[in-house]
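K.L.:
The structure follows.
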Amino acid sequence: MAWVNAIIQGVLTGGLYALFACGLSLMFGVMKVVNLAHGDLAVVAGYVAIGVITITHIPVLWSFVIVVPVMAALGYALQRTIIQSALDRSVLTTLIVTFGLSIVIENGLLQFFSANTRGIGIGLGLVTDSFNLGSQIQIAYLLVVIFAVAVAVLLGLQYFLSRSKYGRLIRAVADDKEAAQLAGADYRHVFGIAAALAFGTVALSGIAYGMYSQLSPTTGTDTILLFAFAAVVIGGLGSLWGTLLGGVVLGVAQQVGAQINIADEVLAGYIVFLAVLVLRPQGLTSRRAQP
Amino acid sequence: VSTVTPTAERVGSDFRVTRSQRNVAWTGAVALIVVVVLARFPYIFYAGTTTILVQAFIVLTLASMWNLMAGYAGLVSVGQQAFVGLGAYFVLVLALHGTDPFAALPVATIGCGVAALPLWWLVSRLRSGYFAIATWVLAATVMLIIERFSSIGGGTGMPLPGFAGFNPTLLTAYTYWAALAVTVAALAAVYLLLRSRLGLVLTAIRDDEVAARSSGARVGLVRLLVFVVAGAGCGAAGAVLAISSLQVQPSAVFSVQWTAEMAFATIIGGLGTIEGPIIGTAVYMVLQQTLASYNAWYLIIFGLVAIIVALVARRGLWGLVDERLHLRLFPVGYYLRSNGSAKPRRRGGATEKAR
């Protein structure tokens, strides 16, 4: 029964990891930018949420109404300024710039907010309550909600990219930005919009992680960036459902690992990641080779 | 062949190919004097100064290795802390078994080079950004595996044994000399590597990977070699770190801060030049010493400067010097000089391409 429980918990945390991976995957898919500051930006979103909740006293769950647009605006601004300017130089420059951002943000948070961990909505019914499934399996409402949010975000993105007019524009620019430019699209602006979308999901993942666990300046890279990347690689590139599958596989691997030895939770996830990297480098769902 | 020979003959008669515009023996002598003077430091200065220099030597060694990877082989690794940590742990394990920590240093270096082989096998298929994060995951994995062994301190680490018989003053001096030796060896290795045939391939990859590949350069093999050399170099730096801090703590030796420091120093100094990491390390030390009392601020400012340099002055500070003075401290390229006139033509050498 403990194993069944581990698998159920793993599947549910997989939703959280898929949410982490969304923004990373979107930025790579459209701009070919691997954003090494991805996780730290999620932590920033979490800290902004804590600030917003403390100042305005809005209900914790509604903090995203403010935080998501703020992060989306930040994403647009960052993309139009330093990320675009790095992209115009070389791939190497984008890596250096986003790595620099990651280190600057992490140490900035450490400097201004100390190394203390912070949670979002501590003591709130939604965060602490759970329901029982049978006698031994206890499921937190929060994880179910996060899983649902992740699926909703993935569905929404999928729908937006495949059906809407603007989604088509984003895909066109992702395929060939020069050709799209010739057809009249301002690819820099489209990149900005895609970054705004990505940062919106980054904001959601920061808030979700703050409620699920605790945020600290080092959470961004230790947990969010590396788990997001592992989920993307396990699932395979180019498919949003692959991302969900990747998140779920990572979550299950971690929970099963924790069941074997509580200290091996994270390690088990990475070992599955490395196994996929070696045995199936194109990921579990994708048929295309990785870059 | 018939079309090539006359050209070659003409080059032979009208031009001369040299390594440098200035006399290499002269720069070599200066380098030797600098090393000898640096080696005399423990007799001249107090331990405080040499301890700061040990830190500079560690960063310089790391930056030179990162430069070799990112600047020449196109491998942007953000997981080099894996080798810093492994180097430190090699020294710890050997010291626990009774080896002198200083004797363990070369063993740790070779050990890290060997450890780089399986790690390369795991990440070699990935390119650019994916390679970067994958090395980061790899470093985290190596740390988690090492933390599992409670006999070497588990998650908290342990003090480095084997220093019981040392006089503290002598120990600081020995540590300093070890750090200096590692740095000189690292710089010499990078210099000789770049001057060799392989260096030509590396320079070609730096300038244009696709062109290098289509000209028959064995890019994959060269990358493997660079990854191994960089692993060994970072391992040596990690071993020096363990000896100088007298303890090994997983979160400290496997910190991504090491990669940040080596990357930022290289970027600020100038990527793809041997001189760059030296300049970058000097900038790092100045920032670190002036802002020492303000916690993490030096790293924040160092990172911001690196971002600005990457966006504005791509060739770094050394690039600015080079543009004005055409100076090479470590001549690795070739210059094509006309035999008749005294004016050298700069654009002939392999390293001068694509600037």
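K.L.:
Per residue of the range B:243-258, what does 6.51 cos²θ - 1.76 cosθ + 1.60 with θ = phi - 60° give for ³J(HN,Hα)? Whole Hz please, x for Gly and Pro, Karplus curve as stated.
P.N.:
5, 6, 9, 6, 7, 10, 10, x, 5, 7, 6, 9, 6, 5, 4, 4
K.L.:
Please state the equivalent ellipsoid semi-axes for the range B:159-295: what are the square roots of 5 times the Cα gyration tensor eigenvalues, largest first, in whole Å? All intermediate terms of the calculation are to be shown ahead of the outcome.
P.N.:
Working: eigenvalues 217, 67, 40 Å².
Value: 33, 18, 14 Å, ordered largest first.
K.L.:
Semi-axes of the range A:102-198's equivalent ellipsoid from the Cα gyration tensor, sqrt of 5 times each eigenvalue, largest first, rounded to whole Å? Write down the numbers at each step before the final one.
P.N.:
Numbers: eigenvalues 303, 118, 16 Å².
So the equivalent ellipsoid measures 39, 24, 9 Å along its semi-axes.
K.L.:
Which three numbers, in whole Å and largest first, are the semi-axes of the equivalent ellipsoid of the range A:49-97 derived from its Cα gyration tensor as √(5λ)? Could you put the intermediate results ahead of the total?
P.N.:
Working: eigenvalues 215, 17, 10 Å².
Gyration-tensor ellipsoid for the range A:49-97: 33, 9, 7 Å.
K.L.:
Given axes a ≥ b ≥ c from the Cα gyration tensor, I'd like to know whether the range B:211-264 is rounded (a/c under 1.5), prolate (a/b larger than b/c) or oblate. Could you put the intermediate results ahead of the total?
P.N.:
On the way: a/c = 4.18, a/b = 2.68, b/c = 1.56.
Judged from the Cα gyration tensor, the range B:211-264 comes out prolate (a/c at least 1.5, a/b above b/c).
K.L.:
Using the reciprocal of the averaged 1/r over all distinct C-alpha pairs, how large is the Kirkwood radius of the range A:186-284 in Å? Could the numbers behind the result be given before it?
P.N.:
Numbers: mean 1/r = 0.0683 Å⁻¹.
Every distinct Cα pair counted, the radius reaches 14.6 Å.
K.L.:
For B:Ser150 paired with A:Lys165, estimate the spin-label separation in nm (one decimal), with each label point 7 Å from Cα along the Cα-to-Cβ line.
P.N.:
6.6 nm
K.L.:
Right, here's the next one. Compute, for the protein assembly as shown, the length of the dipole vector about the Cα centre, with Cβ point charges of +1 (Lys, Arg) and -1 (Asp, Glu) only. Units Debye, rounded to 20.
P.N.:
Details: 38 positive and 23 negative charges, 445 e Å.
I would put it at about 2140 debye.
K.L.:
Compute a Gaussian network model of chain B, connecting alpha carbons closer than 10 Å, and tell me which residue from B:Gly48, B:Gly165, B:Gly303 fluctuates the most.
P.N.:
So, out of B:Gly48, B:Gly165, B:Gly303, the one fluctuating most is B:Gly165.
K.L.:
Across 5 Å bins from the origin, how do the percents of Cα pairs in the range B:128-225 run, short distances first?
P.N.:
2, 10, 10, 11, 11, 16, 14, 10, 9, 5, 2, 0
K.L.:
Distance from the Cα centre of the range B:284-327 to that of the range A:1-64, in angstrom?
P.N.:
Value for the Cα centre distance between the two parts: 33 Å.
K.L.:
Can you list the residues, at least 5 places off or on another chain, whose amide H is less than 5 Å from the amide H of B:Val248, using H built in the peptide plane?
P.N.:
Answer set, sorted by chain and number: B:Met158, B:Leu160.
K.L.:
Ranking B:His97, A:His38 by Cβ neighbours within 10 Å, fewest first, what do you get? Numbers along the way, then the final one.
P.N.:
Working: B:His97 10, A:His38 29.
The order, fewest Cβ neighbours first, is B:His97, A:His38.
K.L.:
Highest first, please rank the peptides A:249-259, A:144-154, B:64-74 by the mean number of other Cβ atoms sitting within 10 Å of their residues. Kindly include the intermediate steps, with their values, before the conclusion.
P.N.:
Working: A:249-259: 23.3, A:144-154: 18.9, B:64-74: 26.4.
Top to bottom by mean Cβ count within 10 Å: B:64-74, A:249-259, A:144-154.
K.L.:
A further question on this structure: Taking other Cβ within 10 Å of each residue's Cβ, how do B:Val84, B:Val76 sort, fewest first? Intermediate values should be presented prior to the final figure.
P.N.:
Details: B:Val84 31, B:Val76 24.
By the 10 Å Cβ count, ascending, the order reads B:Val76, B:Val84.
K.L.:
Just to check, using Stokes-Einstein with a Kirkwood Rh over alpha carbon pairs, what's the diffusion coefficient of the protein assembly as shown at 20 °C and 1.002 mPa s in µm²/s? Numbers along the way, then the final one.
P.N.:
Details: Rh = 26.2 Å.
Taking Rh from Cα pairs, D becomes 82 µm²/s.
K.L.:
So, one more: Against the 2.2 N^0.38 Å scaling, with N counting residues, where does chain B land? I'd like the Cα-based Rg ratio to two decimal places. Intermediate results must be reported in sequence, preceding the final value.
P.N.:
On the way: Rg = 21.4 Å, N = 355, 2.2 N^0.38 = 20.5 Å.
Taking the Cα Rg and dividing by 2.2 N^0.38 Å, one obtains 1.04.
K.L.:
If we count other beta carbons within 10 Å of each Cβ, what is the order of A:Thr223, B:Thr49, fewest first?
P.N.:
Values: A:Thr223 21, B:Thr49 13.
By the 10 Å Cβ count, ascending: B:Thr49, A:Thr223.
K.L.:
Mind listing the phi-derived Karplus ³J(HN,Hα) values for the range B:115-132, rounded to whole Hz, using 6.51, -1.76 and 1.60 with θ = phi - 60°, and x for any glycine or proline?
P.N.:
Coupling constants for the range B:115-132: 5, 5, 4, x, 5, 5, 4, 5, 10, 5, 6, 8, 10, 5, x, 5, 4, 4 Hz.
K.L.:
While we're here: Taking the Kirkwood radius as the inverse of the mean 1/r across Cα pairs, report the Rg/Rh of chain A.
P.N.:
Details: Rg = 18.7 Å, Rh = 19.4 Å.
Here the Rg-to-Rh quotient is 0.97.
K.L.:
What size of dipole, in debye to the nearest 20, comes out for chain A about its Cα centre when the only charges are +1 on Lys and Arg C-beta atoms and -1 on Asp and Glu C-beta atoms? If you can, show how the numbers build up before the last one.
P.N.:
On the way: 13 positive and 11 negative charges, 148 e Å.
Once rounded to the nearest 20, the dipole reads 720 debye.
K.L.:
If I build a Gaussian network model for chain B, linking alpha-carbon pairs within less than 10 angstrom, which residue out of B:Glu147, B:Glu275, B:Glu261 has the largest mean-square fluctuation?
P.N.:
Comparing B:Glu147, B:Glu275, B:Glu261 in a Gaussian network model of chain B, the most mobile one is B:Glu147.
K.L.:
Also: Take the alpha-carbon centre of the range A:225-247, take the same for the range B:183-240, and report the distance between them in whole Å.
P.N.:
So the two Cα centres are separated by 32 Å.
K.L.:
Oh, and also: Could you go through the range B:188-202 in sequence order and give the Karplus-derived ³J(HN,Hα) for each residue, using 6.51 cos²θ - 1.76 cosθ + 1.60 with θ = phi - 60°, rounded to whole Hz, and x for Gly and Pro?
P.N.:
Taking θ as phi minus 60°, the curve returns 5, 4, 4, 4, 5, 4, 6, 7, 6, 4, 4, x, 5, 4, 4 Hz for the range B:188-202.
K.L.:
Additional query: With +1 on each Lys and Arg Cβ and -1 on each Asp and Glu Cβ, how big is the dipole of the range A:167-227 about its Cα centre, in debye rounded to the nearest 20?
P.N.:
That gives a dipole near 120 debye.
Throughout, read-outs are computed from the coordinates displayed, never taken from laboratory work. This is a predicted model, so every value here is computed, not measured. Note that we place each Cβ from the backbone using ideal geometry, even for glycine, and neighbour counts take in every protein chain shown.
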